[in-house]
1. Carbon and sulfur: what percent of the range 1-85's accessible surface (1.4 Å probe)?
2. Toward the positive end of the charge dipole of the range 30-90, about the Cα centre and with charges on Cβ (Lys, Arg +1; Asp, Glu -1), which of Ser51, Thr86, Met33 goes farthest?
3. Going by average Cβ neighbours within 10 Å, how do the peptides 62-71, 24-33 rank, with the highest at the top?
4. Filter the cross-link list Lys2/Lys69; Lys3/Lys37; Lys40/Lys60 down to pairs whose alpha-carbon distance in this structure exceeds 18 Å.
5. What is the pair-distance distribution P(r) of the range 1-66, computed from all Cα-Cα distances in 10 Å bins starting at 0, with each bin given as a whole percent?
Amino acid sequence: MKKIEIFETAMCCSTGVCGPSVDSELLRITNLMDSLKDNKEIKAFRYNLTSNPQVFVVNKTILNLLQSKGNEILPVTMVDGTVIKTGDYPTMSEFQAHCETLDEAESGSCCDTSEGCCVVDEEIGVEVESKTKGPCCGGNTGCC
């Protein structure tokens, strides 16, 4: 079983929808992590410096990175205890390179179900719920 851990900077929420503008990267990561909740082969965890400070202290790798490089190193992504990316969230390709069981359905790509349809919001570059029929979100979450 693979274990994905993302250690994030201090923030009020992990969704990216708070504040004056929407953060499309946080929406993408939230969507991916939500889709992994029921995955039997991958366990995914997100730790926020505000909400989970103790996790940053007990993980020696993260603690050493923070002490040597500062908070600018965040977010840090680890797979099975190995750092795979710092300073930014991994792309879907980077996740797939380290987690062979991560497929397109879990990436939030679209499928052809007839319920709960989604479209890509061009302004933020992510799928959002639509009231009209069209391509639908996939993965273990059902729809956006």
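The values are calculated or read from the model by the stated rules, or taken from the named source; none is laboratory data. These numbers come from a predicted model, not from an experiment. Backbone-built Cβ (ideal geometry, glycine too); neighbour counts: all protein chains shown. In case anyone asks, the SASA skips ligands and DNA or RNA and just uses the protein heavy atoms, side chains included. Shrake-Rupley method; radii C 1.70, N 1.55, O 1.52, S 1.80 Å.
1. 54 percent
2. It is Ser51, whose Cα lies furthest towards the positive end.
3. 24-33, 62-71
4. Where the Cα-Cα span goes over 18 Å, the pairs concerned are Lys2/Lys69; Lys40/Lys60.
5. Taking every Cα pair in the range 1-66, the percentages come to 20, 45, 32, 3.
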